[in-house]
Amino acid sequence: MSSPPIDLCTLDAGTLARLVRARTVSPVDVVEAVLARQADLDGHLHAFCTPTPELARATARRLEAELAAGRQLGPLAGVPVAIKDLIATRGIRTAGGARAYADFIPDEDDIVVERLTAAGAVIMGKTNVAELGYGAVGHNPVFPTTRNPWAPERTSGGSSAGSAVAVATGMAPIALGSDGGGSIRIPAALCGVVGFKASMGRVPLYPGCRDERYPGFSGWESIEHIGPLARTVADVALVMSVISGPDPRDRLSIPDADVDWLRSPQGGVSGLRVAFTPDWGYAPVDPEVRDIVTRAARVFERQLGCRITDASPGFADSSDAFAALVALETDLAGMRRQLAADPRAYSPDLAAMIHRQWSATEFTDAIVQRKRVANAMWRLMRDHDLLLTPTVAVPAFELGIAGPATIDGTHVPPDGWTPFTYVMNLTGQPAISVPAGRTRAGLPVGLHICGPHLGDALVLRAAAAFESVAPWAQLWPDPQVVRAPR
């Protein structure tokens with residue numbers, strides 16, 4: 001009896017690369033399978049805003065010819081990858097979900113794209129985002145709204161919305177996102193995949209956040225990260241082994257010789273001291289999310305051998321300080337010039353932030369609060385190896401809004417559902433979101449695992465340990481739900 005054919009769209013990146021290098025699977029077949037999956041599902045979900053099928057086919061044919069010629073290919077040989085539409089891709093439209101850049105085609109690749117393609121990855125296209133990343137959902141004024149594959153009437157989260165959906169549905173085994181306040185980890189949590197933000201500087205950024213020619217793309221310098229979304233922790237580590245390491249174009253980039261990325265997911269976590277807070281001591285959290293994440297935290301104690309302590313760093317809500325820091329690092333003058341030339345260049349909400357008359361005191365108060373948060377965090381981590389929180393405070397909510405008006409009966413601002421992730425951007429600590437469980441309605445909930453300064457390997461090891469006892473990679477959205485008329 002013959003074996004059933006392999007569903008190439010469900011294979012992890014590491015397995016795909018091994019099969020391609022061994023010439024067991026053709027990179028051309030891999031690309032065609034993924035393009036067929038996109039054709040089947042993406043008209044309903046809108047993960048990709050600029051697909052690049054012909055580029056993908058041409059890359060796959062080139063890789064196949066190199067294999068036939070006996071050449072050695074890189075660690076991501078033939079692996080399809082989706083690229084967030086805030087990450088520069090030479091010759092490929094990079095609109096960032098903004099009318100001001102609707103037809104923008106960069107003249108160079110971002111560093112991470114250079115590294116991925118050099119490693120043999122196949123770019124499948126650009127994935128949809130919140131407008132220039134200034135939001136935690138998947139809608140913008142340029143492209144159709146990205147939908148959650150588990151419940152298409154609900155948000156995917158953002159701003160790396162399309163990247164999370166592509167991975168969750170097999171339209172790419174790995175994707176790149178960017179994360180200035182949780183934009184990798186938030187959609188990873190709501191779509192049931194893994195999303196990793198390494199320590200500040202581990203992954204170099206350029207031209208993103210650095211190229212002064214492009215207002216809106218050039219901000220967030222001290223809080224932005226680029227990182228992977230994938231279905232397994234091992235695939236996250238594989239991507240990190242390719243994209244990390246210093247580059248002179250990023251003055252904040254740092255060495256990574258202290259991390260063996262490929263081995264980092266290995267080993268247990270028994271004996272580690274783990275702090276757990278379901279709410280920072282002040283944040284409203286959906287009761288189902290609280291219960292699911294609390295049970296996940298107890299897995300570290302009961303099954304993984306860690307010592308769990310209910311503990312919180314003790315800082316106050318810092319969302320206003322975070323908003324001021326975002327504005328401080330935004331090219332307000334440049335974006336105001338764009339709005340003067342075209343009042344429709346940016347949406348009303350973003351335009352309001354751009355035109356607001358920020359004061360120096362607001363900015364300096366924000367800087368002081370950032371120091372206060374960072375100091376509270378290192379003091380907590382001095383006595384703990386890891387910190388666990390929910391990734392976000394609610395499950396996926398309905399499309400078309402910035403966030404729920406209330407959480408567990410408490411009124412919250414539009415960004416009040418994301419109190420956990422941006423803190424790690426203020427401090428620069430490594431953090432990962434992994435699937436923790438499902439609500440009664442079947443919506444994914446994420447567990448947020450945070451490590452100490454430069455504790456990237458420890459975070460990946462803890463995430464892999466949790467994955468080993470609470471696996472999630474076998475869970476896939478129902479295509480019939482995705483295709484259902486709306």
What order, most packed first, do the peptides 109-115, 279-285 have when packing is the mean number of other Cβ atoms within 10 Å of each residue? 109-115, 279-285
Below 9 angstrom from the Cβ of Ile83, what's the summed charge of the other residues (Lys, Arg +1; Asp, Glu -1)? 0
20 °C / 1.002 mPa s Stokes-Einstein diffusion coefficient of the chain, Kirkwood radius on C-alpha pairs, µm²/s: 97 µm²/s
Would you mind ranking Met200, Met353 so that the residue whose beta carbon has the fewest other beta carbons within 10 Å leads the list? Met353, Met200
Whichever lysines have a C-alpha closer than 25 Å to that of Lys371, once near sequence neighbours (fewer than 8 apart) are set aside: Lys197
Quick one: check the C-alpha center-to-center distance for region 309-348 versus region 29-56, whole angstrom. 33 Å
Helix-only mean residue ellipticity at 222 nm, the chain, DSSP H runs n ≥ 4 weighted -39,500 (n - 2.57), per residue, nearest 500. What is it? -11000 deg cm²/dmol
Take each uninterrupted DSSP H stretch in the chain, measure its Cα extent along the helix axis, and return the ones at 20 Å or beyond whose mean Kyte-Doolittle hydropathy is at least -0.5. 27-45, 53-68, 287-302, 360-382, 456-469
Using the per-residue mean of other Cβ atoms lying within 10 Å as a proxy for protection, in what order, highest first, do the peptides 449-456, 264-271, 65-72 fall? 449-456, 264-271, 65-72
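Taking each pair of different alpha-carbon atoms in region 418-484 once, compute 1/r for the pair, average those values, and report the inverse of that mean as the Kirkwood hydrodynamic radius in Å to one decimal.
Numbers: mean 1/r = 0.0729 Å⁻¹.
With all distinct Cα pairs of region 418-484 included, I get 13.7 Å.
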Mean Cα-pair separation over length for the chain, i.e. relative contact order, pairs under 8 Å, 6 or more apart, %: 17 percent
Tell me the trypsin sites (Lys or Arg not before Pro) within region 262-327 that lie in a loop according to DSSP and have at most 15 other beta-carbon atoms within 10 Å. Arg263
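Using a ≥ b ≥ c from the Cα gyration tensor of region 108-258 (square roots of the eigenvalues), is it rounded, prolate or oblate, where a/c under 1.5 gives rounded and otherwise the larger of a/b and b/c decides, a/b for prolate? Intermediate results must be reported in sequence, preceding the final value.
Working: a/c = 1.79, a/b = 1.30, b/c = 1.38.
Cα axes put region 108-258 in the oblate bin.
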With a ≥ b ≥ c from the Cα gyration tensor eigenvalues, square-rooted, and the rule rounded for a/c under 1.5, otherwise prolate when a/b > b/c and oblate otherwise, region 375-433 is prolate
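Only sites in a loop by DSSP and with at most 10 other Cβ atoms within 10 Å count here; which chymotrypsin sites (Phe, Trp or Tyr not before Pro) in region 326-368 make the cut? Let's see the in-between values first.
Numbers: sites: Tyr346, Trp358, Phe363; in loops: Tyr346, Trp358.
Passing sites in region 326-368 do not exist.
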Give me P(r) over region 1-60, computed from all C-alpha to C-alpha distances, binned every 10 Å, as integer percentages. 20, 48, 27, 5, 0
Ranking request for peptides 96-104, 171-179, 6-14: highest mean number of other beta-carbon atoms within 10 Å first, then the rest in descending order. 171-179, 96-104, 6-14
Rounded to whole Å, give me the distance from the Cα center of region 407-462 to that of region 83-125. 27 Å
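Determine, for Lys197, Lys126, the number of other Cβ atoms within 10 Å of each Cβ, and report the residues in order from fewest to most. Kindly include the intermediate steps, with their values, before the conclusion.
Values: Lys197 33, Lys126 26.
Fewest-to-most ranking of Lys197, Lys126: Lys126, Lys197.
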Dipole of the chain, positive end: most advanced residue of Gln338, Pro430, Met240 [Cβ charges, Cα centre]: Met240
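Each reported figure results from applying straightforward, stated rules to the coordinates on display, with no laboratory input. Source: prediction; values computed, not measured. A quick note on method: Cβ atoms are made from the backbone with ideal geometry, for glycine too, and the neighbour counts reach across all protein chains shown.
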